[in-house]
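The values are calculated or read from the model by the stated rules, or taken from the named source; none is laboratory data. Since the structure is predicted, the reported quantities are computational estimates derived from the model, not experimental observations. Positions of Cβ are backbone-derived with ideal geometry, glycine not excepted, and every protein chain shown enters the neighbour counts.
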Amino acid sequence: MLKGIAKTAYYQGLSISGALTRRVDALRRTGQIAVLNLHSVSNSGNNYWPPMRPDVFEDLLIFLKEHFWVRPIGDLGPKDSDRPTAVLSFDDGYYDFLEFALPLLRKYGFRANMNIVPECVITGRPIWNVRLYDFLAAASRKQIDYLHIPGLSITLKGESPSAKLRYGLQISRFLKSRARRERQAIWKSIESVVEEFDGPSTRMMNANEVRQIAEFTDIGAHSYSHESMGYEETGFLENDLEQCQKFFSEELSIKLDTYAFPNGSYRQEQVEYLLNNGVELVLLVDEKFAKPGSQVLPRITLYGGSRIEVISKALNY
């Protein structure tokens, strides 16, 4: 509770002090671009990856409409506005984008970028860590105690939401820092417990739904199966790009122009490989503003439960 009060006071202080206005002015002067990285917009979710509520998302769009020139990710050429530029970029391909985010984007006349995970589109199942979070959010302590993670000696300490949150994030960080082959070997021990649990599961968009939003949204790839590429060999990325390009061509009839690295994990030679093999824009995380005219765009991760928090984070505070 005290942490929440302190956080609110901090963001309100930024607004009162004029720091937010000065940041907008600085972006206008330098020409830097705020590429905002979102994931889920919904009224429901869990503590592990809480979605942005639709009302807060609309507050963000109103702020951007007033202070920024919001442009499609594929149209970042010369400006014809004296406002700073912003881009809205979504990752993963959750169904709630179709339910909640897209109607609001269309209401305010914004075209966003959505980076899908083809494997999730095909199987209908969310990324492995989201499946883990869905399980932990709904399972009992007894069910959670059946989990065994080879190489990670931790146990759930208490049944409070905060204890389950710490436990789940420890597992997620442990597995994200591994190549796919090693992670899959460990995940088998977890999956047997998660799959037996008959609980709610995060819904992903299928191919028909991705094609449906493509009229109003620029579609990119978030790798084929959401791997931490910084831990993979070069050949793995080459195969991943080939799989993504094939899926986009054969299933979506869309040219793959944009590729977003998952988990903020990449190596520079991987960026160069993508740009040399048909990808026009490479999206990172890196938590900083992007330079105009660049084919490599760092993004700012955006989440929050209030208007002032989301606006402050959009300005990289």
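Candidates are the residues of region 66-78 that are exposed (fewer than 15 other Cβ atoms within 10 Å of the Cβ) and not acidic (Asp, Glu); the one that is nearest to TYR108 (Cα to Cα) is PRO72. Candidates in region 133-142 are the residues that are of a type outside the set (Asp, Glu) and part of a helix (DSSP H, G or I); of these, the one that is farthest from SER162 (Cα to Cα) is LYS142.
Quickly run through region 132-154 and pick out the residues that are touching a residue at least 12 places away in the same chain (Cβ under 8 Å) and either outside the structural domain of SER189 (by TED's automatic domain parsing) or exposed (fewer than 15 other Cβ atoms within 10 Å of the Cβ) (or both). ALA138, ARG141, TYR146, HIS148, PRO150, GLY151, LEU152, ILE154, listed by residue number.
Scanning region 230-249 for residues that are surrounded by 18 or more Cβ atoms within 10 Å (Cβ to Cβ), of a type outside the set (A, V, I, L, M, F, W, C) and either outside the structural domain of GLN212 (by TED's automatic domain parsing) or closer than 17 Å to CYS120 by Cα (or both) yields ASP240, GLN245. Scanning region 286-317 for residues that are among the basic types (Lys, Arg) and not in a helix (DSSP H, G or I) gives LYS288, LYS291, ARG299. Please work out if SER249 is of a type in the set (Gly, Ala, Ser), assigned to a helix (DSSP H, G or I), under 30 Å from LYS3 (Cα atoms) and over 17 Å from the mean Cα position of the chain (by Cα). No, not satisfied. For residues in region 252-285 being in a loop (DSSP other than H, G, I, E, B) and β-branched (Val, Ile, Thr), which is nearest to THR123 (Cα to Cα)? Among residues in region 252-285 that are in a loop (DSSP other than H, G, I, E, B) and β-branched (Val, Ile, Thr), the one nearest to THR123 (Cα to Cα) is ILE254. Among the criteria (1) closer than 30 Å to ILE62 by Cβ; (2) in a loop (DSSP other than H, G, I, E, B), the one MET114 does not fulfil is (2). If the condition is being free of Cβ contacts under 8 Å to residues at least 40 places away in the same chain, surrounded by 15 or more Cβ atoms within 10 Å (Cβ to Cβ) and farther than 20 Å from LEU76 by Cα, then region 262-310 contributes GLY264, TYR266, ARG267, TYR273.
Scanning region 169-221 for residues that are among the polar types (S, T, N, Q) and over 13 Å from PRO150 (Cβ atoms) turns up GLN170, SER172, SER177, SER201, THR202, ASN206, ASN208, GLN212, THR217.
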